[in-house]
1. Only one of these conditions is not met by Phe94: (1) crowded, with 16+ Cβ neighbours inside 10 Å; (2) farther than 28 Å from Leu149 by Cβ. Which number is it?
2. Here are some residues: Ala116, Ala107. Which one is touching a residue at least 24 places away in the same chain (Cβ under 8 Å), of a type in the set (A, V, I, L, M) and open to solvent by 60 Å² or more (accessible area, probe 1.4 Å)?
3. What is the residue count in the stretch 63-91 for residues that are open to solvent by 30 Å² or more (accessible area, probe 1.4 Å), free of Cβ contacts under 8 Å to residues at least 40 places away in the same chain and within 19 Å of Cys169 (Cβ to Cβ)?
4. Would you please name the residue that is farthest from Glu117 (Cα to Cα), looking only at residues in the stretch 53-72 that are polar (S, T, N, Q) and in contact with a strand residue (DSSP E or B) (Cβ under 7 Å, 6 or more places away or on another chain)?
5. Anything in the stretch 129-146 that is open to solvent by less than 60 Å² (accessible area, probe 1.4 Å) and in contact with a strand residue (DSSP E or B) (Cβ under 6 Å, 6 or more places away or on another chain)? List them, or say none.
6. Would you mention how many residues in the stretch 119-162 are in contact (Cβ under 8 Å) with a residue 12 or more places away in the chain, assigned to a loop (DSSP other than H, G, I, E, B), over 30 Å from Lys79 (Cα atoms) and not aliphatic (A, V, I, L, M)?
7. Considering only residues of the stretch 8-39 that are aliphatic (A, V, I, L, M) and under 21 Å from Asn114 (Cα atoms), which is most open to solvent (accessible area, probe 1.4 Å)?
Amino acid sequence: PTGIAYVYLEPFMEIEKYYSVIKKFNQAKIYQHLYTNGTLATEETLKALGEAGLNEIRFNLGASNCADKVIENIAIAKKYINNVGIETPMTPEFFETFFKKKQAILATKVDFINCAELHLNANNIDNYYGANMYMARHGYISPIWSRELTLQFMRIAIDEQWNLIVHDCSNH
């Protein structure tokens, strides 16, 4: 493989198991990134990931409703890991809270923000009963407002000339 993504559950629940694996794949020059909600990360564990050779970490900032502790962990991660980003499904709650804490979030010097559309499935679709939906390739079902919020978010980033990459993770 040329790349590996660690995406299963919350890796910081047992992060010590990852260090040797990351180190081995790093020695083989394989690009590695890890997804986390960031609530269990510490300076010690983020430093250890960087020392093991993790190339990238992506924080789901929406999972904690933009918790201050997670914002602090993003800044800490920047000290030890080359590429630090935010990857969060676009919801009204995330959109609103992000902009309330925008200055603190951008001050972390995060490298990128991936605006993902909210994907619905049998486990969560009932929570959005009555919302206008659309279906895209591979059967992804999303509320239309998730797409609209992504476009609004990106427009603001352009207008304010944020010094980072904002990626449109559209269903298309």
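The values are calculated or read from the model by the stated rules, or taken from the named source; none is laboratory data. All values derive from a computational prediction rather than experimental measurement. Methodologically, a virtual Cβ is constructed for each residue, glycine included, from the backbone with ideal geometry; neighbour enumeration extends over all protein chains shown. Heavy atoms of the whole protein, side chains included, go into the accessibility calculation; ligands, DNA and RNA do not. Shrake-Rupley method; radii C 1.70, N 1.55, O 1.52, S 1.80 Å.
1. (2)
2. Of the residues listed, the single one that is touching a residue at least 24 places away in the same chain (Cβ under 8 Å), of a type in the set (A, V, I, L, M) and open to solvent by 60 Å² or more (accessible area, probe 1.4 Å) is Ala107.
3. Residues flagged as open to solvent by 30 Å² or more (accessible area, probe 1.4 Å), free of Cβ contacts under 8 Å to residues at least 40 places away in the same chain and within 19 Å of Cys169 (Cβ to Cβ) within the stretch 63-91 amount to 1.
4. Asn55
5. Ala131, Ile141, Ser142, Pro143, Ser146
6. Of the residues in the stretch 119-162, 4 are in contact (Cβ under 8 Å) with a residue 12 or more places away in the chain, assigned to a loop (DSSP other than H, G, I, E, B), over 30 Å from Lys79 (Cα atoms) and not aliphatic (A, V, I, L, M).
7. Going residue by residue through the stretch 8-39, those that are aliphatic (A, V, I, L, M) are 9, 13, 15, 21-22, 28, 30, 34.
Add one more test, that the residue is under 21 Å from Asn114 (Cα atoms), and what stays is 9, 34.
On the way: Leu9: 131, Leu34: 0 Å².
The selected residue is Leu9.
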